1. At R0 = 41 Å, how high is the FRET efficiency between Glu414 and Ser342 if r is their beta carbon distance? Nearest 0.05 is fine.
2. Quote to one decimal, in nm, the extra length available between Thr116 and Ala137 on full extension: 0.36 nm per residue of separation minus the C-alpha distance between them.
3. So for the pair Ser389, Ala51, with labels modelled 7 Å out along Cα→Cβ, what separation do we get in nm?
4. Rounded, prolate or oblate: which one fits the chain, using the alpha carbon gyration tensor with axes a ≥ b ≥ c (rounded when a/c is under 1.5, else prolate when a/b beats b/c, else oblate)?
5. What are the residues whose amide H is under 5 Å from the amide H of Leu361, where those residues sit 5 or more places off or on another chain and H is modelled from the backbone?
6. Given H placed on each backbone N at 1.01 Å, which residues far from Arg16 in sequence or on other chains put an amide H within less than 5 Å of it?
7. Count the net charge of all other residues whose Cβ sits under 12 Å from the Cβ of Asp273, scoring Lys and Arg as +1 and Asp and Glu as -1.
8. Which cross-chain or sequence-distant (5 or more) residues have an amide H under 5 Å from the amide H of His241, H modelled 1.01 Å from N in plane?
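The values are calculated or read from the model by the stated rules, or taken from the named source; none is laboratory data. Nothing here was measured: the structure is a model prediction, and the numbers come from that model. We place every Cβ from the backbone using ideal geometry, glycine too, and count neighbours over all the protein chains shown. All accessible areas refer to the heavy atoms of the entire protein, side chains included, with ligands and DNA or RNA removed. Shrake-Rupley method; radii C 1.70, N 1.55, O 1.52, S 1.80 Å.
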Amino acid sequence: MSDAPTLPGHPHIARRGSTLQVEDVALDALAREHGTPLFVYSKQWMLDALAAYQRGFAGRDALICYAMKANSSLGVLRVFAEAGCGFDIVSGGELARVLAAGAEPAKVIFSGVGKTRAEMRQALAAGIGCFNVESEAELDVLNEVALAQGRRAPVSVRINPNVDPKTHPYISTGLKGNKFGVAHDRAVAVYRHAAALPGLQVVGIDCHIGSQITESSPYLDALDRILDLVQAIEAAGVPLHHIDFGGGLGIDYDGDTPPAADVLWKQLFARLDARGFGDRRILIEPGRSLVGNAGLCVTEVLYTKPGEEKNFCIVDAAMNDLPRPAMYQAFHRIVPVAERPSLPATRYDVVGPVCESGDWLGRDRDLAVEAGDLLAVLSAGAYCMSMASNYNTRARAAEVLVSGANATLIRRRETVEDQLRTEQAL
Ligand SMILES: *Cc1c(COP(=O)(O)O)cnc(C)c1O
């Protein structure tokens, strides 16, 4: 990448001349070519994020399974498949998608509280590596489905370690009140049950305590609780080949300071070593931390609208493209693609065109912009495009993957014809 100054916390985004660039590709040119709203991803950022995990795992028996719900675009999946990653999926649709991107089925693990029989059949036929089962009832159904196919399903049971990840309640998943996993106290009994079912083969144990976690301590607490269980389950005669520690590591949205993946994993391995589990096969399921800050969304200012209490900057991206603010009151930094030193900054709420008051992208932002200017909504690589909808019959945005000076359109802009194709007027 060139020597232009980079944005703080975003080493792959630089300001060069009158425009921002991702790696060596100028955003104004991309917007002219492909229109807006436009998602732009840095391949190098993804590979650097992956490399941090790989450093943490150096010399260990480990598999990094990218949690593809964070960003399931084929072009993104291909980056991780080529890098040798496994994948964590949560639906039959994701399975079909990741196989289309070239994933090895044996490196696919299937999470989620509500797998259907059809999804189980599909995943068994594909030969996935593990089903992360979330309830006793699901164990029984999977056993039945596997026996009917003459197969044994490899299973891990998701344990709810009951630790507080100190994150937003909607993305906290490892507390007693959550719908996820099997209670810690029930674990040994559930494993005894699983081991007795002829259609199942117990291969591991898993947990996932939440998302956008910015401290090490919840992970260390969860690890201790899981290792206690591994000892108890193995003492009950059920060997566990792997420990899957889930995902959840946070990224810097707004000056957040999560531990680096390699630093976190050095701490976790020190604990594993101290407790005699240093040689155990470890799986992880990172999503956001592999893609979140790789992406941004370029959007055009349509109107500025002064108001009595607030000024509004109305842009062409909306909650259907960037759902995180509306869903979680999440913060995304928003910066102009071209700076305008001669224009005074005004405090705006940056909002989309959708007919909902929840349709905002950023509140109280000081911006020097006029209609026709481009803004970049940062940290938009995870849980944006994969959550995008057609609300208001808005077409989903296009996506570009940048690598050095190359830009590849990995998803064309959706058309209204694409949207109408599945429907039928009476
Ligand atoms: C969503 C999810 C992940 C990924 O979480 P991130 O916060 O994106 O790292 C991993 N495992 C499971 C089971 C999940 O549901």
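1. Working: r = 37 Å, r/R0 = 0.91.
Plugging the Cβ-Cβ distance into 1/(1 + (r/R0)^6) gives 0.65.
2. Values: separation 21, 0.36 × 21 = 7.56 nm, distance 1.18 nm.
Gain in length upon complete extension: 6.4 nm.
3. Between Ser389 and Ala51, the simple spin-label model gives 3.9 nm.
4. prolate
5. Result for Leu361 returns Val350, Val351, Gly352.
6. Gln21
7. Numbers: positive: Arg60, Lys266, Arg271, Arg275, Arg280; negative: Asp279.
For residues surrounding Asp273, the net value is +4.
8. Gly204
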